[in-house]
Amino acid sequence: MAATIQSLLEEISGVEDPVEELQSLKTALLSIPLSTLRDFVSGQRFDVIFSLLNSNEREQVDLCVDILERILLALSPLHLVHNYRGKLQEGLSHPNDTVKILALTQIGRVVEHPEAVTEIVNNHDILRAVILCIGEEKIGVAKQAIESLSKISHSKPGLDKLFQTDLLEVMKEVMARSDVIRYRIYERAHFLAAQRADRRRCLNQGHFN
């Protein structure tokens, strides 16, 4: 089956309209248990699939999202963040909401890992992009962004990063877009602030007013 996947990847990179090949690859990936798939995907690069996300063809993008969801789920969080951090960051600003949700979901996996989380916490651009996703019109994107930020806040470094850097200003800018977005962030900020000994400083000194 590994040979089949490799063959399909080569075919996909060489055709102009790869929808049929993408469907075959999706079927092949879903037929393999994740534990078995992990051994294969850990030694491969899937840049061709990521590149095909840059398309106006909805069917093609949806297939790529399904394929990448399966592939990335098979990877360990450490392998994922070390090899695809840049791709995840690009996904956060993709015009297609399903791509944003894919990136946010995988970032959520990474930040749950005790070693991998630092790769996200120390990446200002990714944190900023996640915060901006809270302001997305699509509620599915916003909810996934909030969930990812909640997971980031579970560690003290992550919580400090959100409250003690210019990312706080980014949150305030996003809040200013509408009352609905303001409520989304305020509700989460209230919960996060409750985890801090200096809750009064976070809430009562006007950070979110």
- Note on the structure: For region 1-122 the mean separation of alpha carbon contacts under 8 Å (6+ apart) over residue count, i.e. relative contact order in percent, is 20
- Item | Spatially proximal lysines relative to LYS156 (Cα-Cα < 29 Å; intrachain offsets below 8 disregarded) | LYS87, LYS100, LYS143, LYS172
- Per residue value of the accessible surface for the chain (all protein chains in place, 1.4 Å probe), Å²: 50
- Item | Positive-end extreme of charge dipole, the chain - chosen from PRO33, PRO18, LEU52 (charges on Cβ) | PRO33
- With point charges of +1 on the Cβ of Lys and Arg and -1 on the Cβ of Asp and Glu, referenced to the Cα centre of the chain, which listed residue (LEU132, GLN6, SER42) lies farthest in the positive direction of the dipole? LEU132
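How much length is gained if the chain between GLU115 and GLU11 is pulled fully straight, taking 0.36 nm per residue apart and subtracting their Cα-Cα distance, in nm to one decimal? Before the final figure, lay out each step's value.
Working: separation 104, 0.36 × 104 = 37.44 nm, distance 3.64 nm.
That pair, GLU115 and GLU11, stretches by 33.8 nm at full extension.
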- Query: Using mean Cβ contacts within 10 Å as the protection proxy, how do 137-149, 39-51, 55-67 order, highest first?
  - Reply: 137-149, 55-67, 39-51
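Under 8 Å for C-alpha pairs, at least 6 residues apart: give me the relative contact order for region 68-190, rounded to a whole percent.
Details: 126 pairs, mean separation 25.7, N = 123.
Result for region 68-190 is 21 percent.
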- Note on the structure: Highest mean packing first, using Cβ neighbours within 10 angstrom, the peptides 26-34, 103-111, 73-81 sort as 103-111, 73-81, 26-34
- Task: Give me the aspartates and glutamates in straight-line cross-link reach of LYS138: C-alpha distance below 20 Å, same-chain residues under 8 apart excluded.
- Result: GLU57, GLU59, ASP62, ASP66, GLU69, GLU90, ASP97, GLU147, GLU173, ASP179, GLU187
- Item | Linear extension gain, GLU173 paired with GLU147, 0.36 nm per residue minus alpha-carbon span | 7.4 nm
- Message: Given an 8 Å cut-off on Cα distances and at least 6 residues of separation, report the relative contact order of the chain as a percent.
- Response: 13
- Hey, how much of the P(r) for the chain falls beyond 31 Å, as a percent of Cα pairs? 26
- Query: Once amide H atoms are placed 1.01 Å from N in the peptide plane, what residues at a sequence separation of 5 or more from GLU112, or on another chain, have their amide H within under 5 Å of its amide H?
  - Reply: none
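Contour minus end-to-end for HIS124 and LEU30, with contour as 0.36 nm per residue of separation and end-to-end as the Cα-Cα distance?
Values: separation 94, 0.36 × 94 = 33.84 nm, distance 3.45 nm.
Net length gain for the segment: 30.4 nm.
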- Query: Placing +1 at every Lys and Arg Cβ and -1 at every Asp and Glu Cβ, with all other atoms neutral, what dipole size does the chain have around its Cα centre, in debye to the nearest 20?
  - Reply: 1360
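So what is the 222 nm mean residue ellipticity for the chain from helices alone, if each DSSP H run of at least 4 adds -39500 (n - 2.57) and you divide by all residues, rounding to the nearest 500 deg cm²/dmol?
Details: 14 runs with 151 residues, N = 209.
-21500 deg cm²/dmol, from helical runs alone.
Rounded to a whole number, what % of the accessible area of the chain do carbon and sulfur atoms account for, probe 1.4 Å? Before the final figure, lay out each step's value.
Details: 5000 of 10450 Å².
Its accessible area is 48 percent carbon and sulfur atoms.
The values are calculated or read from the model by the stated rules, or taken from the named source; none is laboratory data. Nothing here was measured: the structure is a model prediction, and the numbers come from that model. Here the Cβ is made from the backbone with ideal geometry for all residues, glycine too, and neighbour counts use every protein chain on show. Please note that ligands, DNA and RNA were not included when accessible areas were found on the heavy atoms of the full protein model with its side chains. Shrake-Rupley method; radii C 1.70, N 1.55, O 1.52, S 1.80 Å.
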